[in-house]
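The values are calculated or read from the model by the stated rules, or taken from the named source; none is laboratory data. Everything numeric here is computed off the predicted structure, so don't read it as measured data. Methodologically, a virtual Cβ is constructed for each residue, glycine included, from the backbone with ideal geometry; neighbour enumeration extends over all protein chains shown. SASA here: full protein model, heavy atoms, side chains in, ligands and nucleic acids out. Shrake-Rupley method; radii C 1.70, N 1.55, O 1.52, S 1.80 Å.
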Amino acid sequence: MADNKGFTPDGQESLPSAPTVENPPPYTNAINDFNSKANLTEKELSLTDDPYHPFEHRDPNGASAGGALAHLLKSSLGTGILAMPMAFHNAGLAFGMAMTLIVGFLCTHCVHILVKTSHDICRDAKVSALGFAETAEKVFEYGPKGMRPYSNFAKQFVDIGLMATYYAAACVYIVFIATSFHDVINYDLKINWDVRIYIALTVIPCLLIGQIRDLKWLVPFSMMANIFIVVTFAITLYYMFDEPLVYSDKPLIAKAAHIPLFFATVIFAMEGIGVVMPVENSMRKPQHFLGCPGVLNIAMVTVVSLYAIIGFFGYVRFGDQVRGSITLNLPEGAWLGDTAKLLMAVAILFTFGLQFYVPNEILWRKISHKFSPEKHNITQILLRSGIILLSGGVAAAIPNLEPFISLVGAVFFSLLGIFVPSFVETVYLWPDRLGVCKWKLVKNIFLGVFSILALVAGAVASINEIIEMYSDDD
């Protein structure tokens, strides 16, 4: 990101029409220095400058709209869509369908306002592109004076939230892979190994894949994962419709105690907030990301439709026996069902490298300066290995996929995916650009309250399920 040019160095003559200030602060790098209490900001200096058009400064060799759409779809069609039948089990057919569409709309809106705010603040800051955390930082830096000292806090909050989200999702990946191999191998070989043994075995290839630090080496794994996922979906759809569907024994609305688990699971499934800004930043024509139809709208309509269809018919097909991933409901011992389970497990294993790459890049940027360059390699190896071993330990502690997915969705995705975008937009528009009767403020307060309720209720329900799981084991 470009250095901050707005803070005037000592002794430099200010722009002719800029406001006069006493004792202007020394030149500082706005990325790292959040203690500056400067009254003269970039925003004020740039008012007299020619309008800056960030889209004109993007890489002309960047991703096309079609490429961006493919990236968004790929990031959304993973373990989340396979968990949708379980979400419908916790909601009921009618309530689940209605709320899936509503939550899908809310998630799409939150992504939209985040990207729109990022575009606007890029124009103010005169930079071509900003990531999620950098957008939050700049919005606070340019926002109301009372918010400016918290710009670095906003950036660190988003960065730490992204790291926690991806690391937690990596734990879910390990549980999913281990459970898939557990079900197939235990049944076919007539053994009774605990799922934690498979978690320990799963950690071994994860240790190897997690050491990959260059995205180009992850491309072959990603391509194979895409093929495996398509084959798995085809097999799953075959089993979903291989028998007459029975609707009469499925409730339209589930018990109230299960509703929070539904929202937590749906938010986990739909929120791809961590990949949105990197994908948008990579586009050569980012103006095609928003709008109608736009990359975002096409991707989210496709994703929400697929999630609703898989969730609805998956629950109708397997009923109360549905599990945290619908592939785990496929017939045991049947070669086609076993193939789907194993292919999906391997696909998720191949995706683990990309899932693990993102938070490690954020973490390494924050701590790399603390180590001498000659120790960077061994430090990265030890750091990555330690985090993967810790993730395996967390997965072994909570080896049940269903409450784990709900817990991750409730705690992390509701904060980053809904609360942060709505709060960031409010800060950017404050105080006089919030619309007629401040309707945008009212809307964002609703989104914030919804995300906090989803966090608290979903986390409590998920933790209660985990406690019950351990109580049953005793």
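Please find the FRET efficiency linking Thr302 to Ile381, where r is the Cβ-Cβ separation and R0 is fixed at 51 Å, and quote it to the nearest 0.05. Before the final figure, lay out the partial values.
Details: r = 39 Å, r/R0 = 0.77.
Given R0 = 51 Å and the Cβ-Cβ separation, E is 0.85.
Given points 7 Å out from each Cα along the Cα-Cβ axis, report the Lys116 to Leu189 separation in nanometres with one decimal.
Result for the modelled spin labels: 5.5 nm.
Relative to the longest principal Cα axis of the chain, at what angle does helix 151-189 sit, 0 to 90 degrees, rounded to 10?
The angle comes out at about 10 degrees.
Residues of the chain: accessible area per residue at 1.4 Å, in Å²? Could you put the intermediate results ahead of the total?
Values: 21430 Å² over 474 residues.
Accessible area per residue, the chain: 45 Å².
State the answer as a single residue: which of Asn400, Gly448, Ile298 lies farthest towards the positive end of the charge dipole of the chain, with beta carbon charges of +1 for Lys and Arg and -1 for Asp and Glu, about the Cα centre.
Farthest towards the positive end: Ile298.
Calculate the dipole size of the range 72-472 relative to its Cα centre from +1 charges on Lys and Arg beta carbons and -1 charges on Asp and Glu beta carbons; express the result in debye to the nearest 20.
1400
Can you tell me, using C-alpha contacts under 8 Å and at least 6 residues apart, the relative contact order of the range 244-375 as a whole percent?
17
Straight-line reach from Lys341: which lysines have Cα under 20 Å away, leaving out those fewer than 8 places along the same chain?
Of all the lysines, those that pass the test against Lys341 - Cα under 20 Å, at least 8 places apart if same chain - are Lys74, Lys190.
Farthest toward the dipole's positive end in the chain, which of Leu342, Ser414, Val203, given Cβ charges of +1 (Lys, Arg) and -1 (Asp, Glu) about the Cα centre?
Of Leu342, Ser414, Val203, it is Ser414.
Considering Cα pairs under 8 angstrom that are at least six residues apart, work out the relative contact order of the range 72-472 and quote it in whole percent.
35
Around Asp214, with a cut-off of 15 angstrom between Cβ atoms, what is the net charge of the other residues, counting Lys and Arg +1 and Asp and Glu -1?
With Lys, Arg at +1 and Asp, Glu at -1, the neighbours total +2.
With a Förster radius of 41 Å, plug the Cβ-Cβ distance of Leu336 and Ser222 into 1/(1 + (r/R0)^6) and report the FRET value to the nearest 0.05.
It comes out at approximately 0.95.
Report, by chain and number, residues whose modeled amide H sits under 5 Å from the one on Met283, excluding near sequence neighbours (fewer than 5 apart, same chain).
Ala63
On the protein heavy atoms, probe 1.4 angstrom, tell me the percent of accessible surface of the range 218-332 carried by carbon and sulfur. Please report the intermediate quantities before stating the final value.
On the way: 3460 of 5060 Å².
C and S atoms contribute 68 percent here.
With labels modelled as points extended 7 Å from the Cα through the Cβ direction, what inter-label distance (nm, one decimal) is found for Asp214 paired with Cys292?
Going by the 7 Å Cα→Cβ label model, 4.6 nm.
Gain in length, Lys366 to Ser248, computed as 0.36 nm per residue apart minus the alpha-carbon separation, to one decimal in nm?
Separation in residues times 0.36 nm, less the Cα-Cα distance, equals 37.0 nm.
Which is farthest toward the positive dipole end of the range 72-472 among Tyr307, Ile177, Phe371, measuring Cα position about the Cα centre, with Cβ charges +1 (Lys, Arg) and -1 (Asp, Glu)?
Selected residue: Phe371.
How would you order 319-328, 128-137, 235-244 from highest to lowest mean count of nearby Cβ atoms within 10 Å?
Ranking, from highest mean packing down: 128-137, 319-328, 235-244.
How would the range 72-472 be classified by its alpha-carbon gyration tensor: rounded, prolate or oblate, with rounded meaning a/c under 1.5 and the a/b versus b/c comparison settling the rest? Write out the running numbers ahead of the final one.
Numbers: a/c = 1.80, a/b = 1.27, b/c = 1.42.
Oblate.
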